[in-house]
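Everything on this sheet refers to the single structure shown next.
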Amino acid sequence: MRRIRTIWIGLAVVYAALLAWHQPLRGPLSEDEVRTAFGAQYAEMRLSEDAQARAFLDFFLNDDGRPFHMVNLNALPERSPEADEAAQTYGAFMAPRLLARASYPVLSTDVIVGLTNTLGPGVDNAERLVVVRYRSRRDFLNIISTPEFREAVQHKSASLDGWYSAPSTAAATVSVPLLALIALLAIGGISTLGARRRHRMDPRQSTKTLTHS
């Protein structure tokens, strides 16, 4: 039936578009890309005695081309209109840039402060855990290397008493493409059954059957 074929072709196109958006397709970052993104800071970071600066640069130079998670432990300030406005401003900046790059929060939860003391020095006052999935290190670099981000991150600083961030692998992530495939197969199956049922109930089909019998 032409209708059923159209349904499955349409679902296949939707799934292909989802994969093209969600999965990294360009491979690892090149050194030239990293150098261009950091500009004059690149040489300074390569020669810096600051181990953290060198590690940050190496994170991009050793790109594996795969998605990753950024784990954030946030220390929350006392609730105030200024902090709320700063958080909203930073969120309004980041949300569309993340979505355009198939990046999104996968977990946001409050930490039970005081129950344990294993967070480590400097982050033992963290009250919220936020995990963000990034499609690739290239996407992350494209966001943070802009003047607009350097201005927006000031609003993040104003909305928190401090934060600790560390990248991690995405091996344990929920597979959005797999969930989407299951949903599309379910939609296709239900649509196919509905199309076949309507086809059998179509009076014109019954007339054709009687004519040929």
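The values are calculated or read from the model by the stated rules, or taken from the named source; none is laboratory data. Note that the structure is predicted; figures quoted are calculated from it, not measured. A quick note on method: Cβ atoms are made from the backbone with ideal geometry, for glycine too, and the neighbour counts reach across all protein chains shown. Accessible surface areas use protein heavy atoms only, side chains included; no ligands, DNA or RNA. Shrake-Rupley method; radii C 1.70, N 1.55, O 1.52, S 1.80 Å.
Every residue, every condition in (1) under 21 Å from the mean Cα position of the chain (by Cα); (2) open to solvent by less than 60 Å² (accessible area, probe 1.4 Å); (3) more than 26 Å from Ile182 (Cβ to Cβ), yes or no:
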position: Tyr15; (1), (2), (3): yes, yes, no
position: Glu31; (1), (2), (3): no, no, yes
position: Phe38; (1), (2), (3): no, yes, yes
position: Gln41; (1), (2), (3): no, no, yes
position: Met45; (1), (2), (3): no, yes, yes
position: Ser48; (1), (2), (3): no, yes, yes
position: Ala53; (1), (2), (3): no, yes, yes
position: Asp58; (1), (2), (3): no, no, yes
position: Val71; (1), (2), (3): yes, yes, yes
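Under the condition of being polar (S, T, N, Q) and without any contact (Cβ under 8 Å) to a residue 60 or more places away in the chain, which residue from the range 39-79 is farthest from Leu141 (Cα to Cα)?
Step by step, filter the range 39-79, then rank; the result is Ser48.
Inside the range 30-55, can you point out the residues that are aliphatic (A, V, I, L, M) and touching a Leu at 6+ places or on another chain (Cβ under 7 Å)?
Result: Val34, Ala37, Met45.
Assess whether Ala166 counts as being open to solvent by 30 Å² or more (accessible area, probe 1.4 Å) and either farther than 17 Å from His69 by Cβ or at pLDDT below 95 (or both).
No.
Out of the residues in the range 31-83 meeting the condition of being at pLDDT 90 or above and among the hydroxyl-bearing types (Ser, Thr, Tyr), tell me which one is nearest to Asn125 (Cα to Cα).
Selected residue: Ser80.
Which of (1) modelled with pLDDT under 85; (2) surrounded by 10 or more Cβ atoms within 10 Å (Cβ to Cβ); (3) hydroxyl-bearing (Ser, Thr, Tyr) does Ser157 not meet, given it meets every other one?
(1)
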